[in-house]
Amino acid sequence: MDNSYNNVPPAGYPQQPAGYPVPPAGYPMPYPPQDNSAALRQEIARKQRKLIPFNIVVVLLCIVAIVSLLFLPLLTVKVDDASRIVSAFGLEEGEGSGSGSAEGESWQDSVSLEDALRGVKLDLSLSGMDLLELGFSEAPEDVLLDQVGAMIAPSSDTLAANLAVVVGAASSELGLEELDVDVQPVIDSFSSLGEAQTEEEVDTAIDSIVNEVRAQVGEDAISESALEEVRDFIREQYDKTIANTPDGKFSTEAFVCVAISTALDLADEYLDDDQSDALEGLLRSARAEEVLSPDAAGEQQTGGSASSEGTGNSGKVYTSYSELFGGLLERSGEDLLDEEQTQLLHNVFLAIAAAVIFFAFVWFVLLLFAFFHIFARNKRFLMWYVKIFGLLPCLIFGVAPLVLGAVLGGEIAAVLGMISTMAWVSGGCYVLLWLLSIFWAFPIKRKIRALDRQLYAGR
């Protein structure tokens, strides 16, 4: 287009002032620069609004990550059959381990740790809040005992059924590993014992348990005297359970703890030092020894009473696992951990608690930025802190045990193989955050930066 001086200036073009020098003919007369900053600002605002859904999604990801770090299990130890731990690590030796007992021995002789734990499932889960409690507790060993008790409690029905079957197998020449035992019917019978309201119903439930024990051990393998011993054992422990629970209600956890209390009460008097030390060491995975000798059982039946000298715990009956484990420690006259070990454990859990707080705080900071920038003019915010630290929980609690198990092998690999984690949830949030940033937010932010450059260049 010819825009020489002789052409008419565009509409709105300012007129030349009087006396203004006239350019020579044919001198190009450019149009005045156009101001498009308003249009650029509108486009930038439109692009910024496109980031609002992204910010909302980031807020939701942060909430999921924080909840998973604080309330979902960061450490879970699952054992499908606790007896395998006993056999794999050699925690039990001696003649009483699953080899059966001669007729006439008391029920304490027939119970082995491996048989009692057969089929018992253990599930210990520690969430971020549990780790915080352990880290800031003045007595972390007490919190651990409560956690271990909570881990065993769901398997109380199986433990009670195992005790009844083991007592019934006392006259059998076969160990439980040689018998095709299904304790589920015995467990169902124990459920009816917990529902019994009258003495007649209690006797009926006990008879049902005894009949199931007979069916599992075998009609020909178990004697009537052994069945009578099963009946007496269940009745005695049932009565003690009802007498010692605060509400007078039966539970298989209380039943198991009362039975162990009875064994410990007898052991106070009749175990020698080596046997007693081994029994106390069960909590620390020591090797189990024979619980009670037949001669000792006879003395107990003829009027002998457990002495309170030495331990001062004889006669105590425990109805919960945490009380039982505490009683084992009190009975041994020593703490679970010495002062140095307690301090070390406290420092370890304190470090883990600090790490959990830090990881959750990183996601919380991102949540605040994402939320408040929804309402701000500039919807963009920095996320580098999450992208650096957000994956660490998944690496520490999830990947590290797998790598260590593969490298170390052996028993350590077996233990580490029992460990799982829900830190994968926060890891998933971390991966999603990266994907959303790359394929959703980054293209929009690049366009906004380009528009910003145009806007500032025109000033």
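Points to keep in mind about this one:
- Cα-based reach from LYS249 at 16 Å (exclusive), listing lysines while leaving out same-chain residues under 8 positions away: LYS240
- The chymotrypsin sites (Phe, Trp or Tyr not before Pro) of segment 347-438 that DSSP puts in a loop, and whose beta carbon has at most 10 other beta carbons within 10 Å, are PHE375.
- Using the Cβ-Cβ distance between TRP424 and ALA153 with R0 set to 30 Å, the FRET efficiency from 1/(1 + (r/R0)^6) comes to roughly 0.65.
- Loop GluC sites (Glu not before Pro), segment 334-436, which have at most 12 other Cβ atoms in a 10 Å radius of their Cβ (DSSP): GLU334
- Reduced Cα scattering model of segment 367-459, Debye log10 I(q)/I(0), q = 0.12, 0.15, 0.25 Å⁻¹: -0.58, -0.74, -1.23
- Potential lengthening between TRP384 and SER437 on full extension [0.36 nm per residue; Cα-Cα distance subtracted]: 18.0 nm
- Chain lengthening between GLU195 and ALA39 when straightened (0.36 nm per residue, less Cα-Cα): 48.3 nm
No value in this document is a laboratory result; all are computed from the given coordinates. Since the model is a prediction, treat every value here as computed from it, not as a measurement. Positions of Cβ are generated from backbone atoms using ideal geometry, with glycine treated the same way; all protein chains shown enter the neighbour counts.
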